[in-house]
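First comes the structure, then the notes that go with it.
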Amino acid sequence: IEELNLSRNDFGQNGAKLLGSAIADNMNIQRLNMAWNHFRCAGAVSICKGLQRNFTLVSVNLAWNGFGYEGAVALKDLLLRNNTIEEIDVSHNRINWQGALIIAGGIKKNCTLQVLKVRS
């Protein structure tokens, strides 16, 4: 499997913890859609930690998951550590201007990201 759509499953924070581990271990999937799963802040951290250790994904959709500020910090850490993801969608995740500034710190050091969607 190279593309996986897990959107709209309402996994929540607990599901995000399990998914984060699975993402870190999977080295086949290249495109992953996890939009609309209600991960919230703690779940966003789990997902981003898993993505940090995955080096096959090139496109990830995490829109509509309620990341907030904590998720923005986790996304920055992801951008600092992952050098394969080319496209990330984190639209509609309650990321305010402070979170956007935090994410910018990750973008500044990332050489592979080509598309970052952050609509509100």
- [ ] Treat the count of other C-beta atoms within 10 Å as a stand-in for reagent exposure and order CYS48, CYS111, CYS41 from fewest to most.
- [x] CYS111, CYS41, CYS48
- [ ] Could you point to the label whose value was computed as Cα Rg over 2.2 N^0.38 Å for the structure here, given [x] 1.48; [y] 1.05; [z] 0.92?
- [x] [z]
TODO: Provide the percentage of antiparallel DSSP beta bridges, counting only those with both residues in the chain; round to the nearest 5.
DONE: 0 percent
Task: Charge sum, other residues only, whose C-beta stays under 12 Å from GLU87's C-beta, Lys/Arg counted +1 and Asp/Glu -1 - done: 0
Task: Normalised contact order of the chain, rounded percent, pairs of Cα under 8 Å and 6 or more residues apart - done: 23 percent
- [ ] Compute the distance in nm between two label points, each set 7 Å from the Cα along the Cα-to-Cβ direction, one at PHE55 and one at LEU4.
- [x] 1.9 nm
Open item on the list: At a 10 Å Cβ-Cβ cut-off, how would you order SER59, SER46, fewest neighbours first?
Closed with: SER59, SER46
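Since every read-out is calculated from the coordinates, none of them should be taken as a lab result. Everything numeric in this text was worked out from a predicted model, so none of it was measured. All Cβ positions, glycine included, derive from the backbone under ideal geometry; neighbour counts span all protein chains shown.
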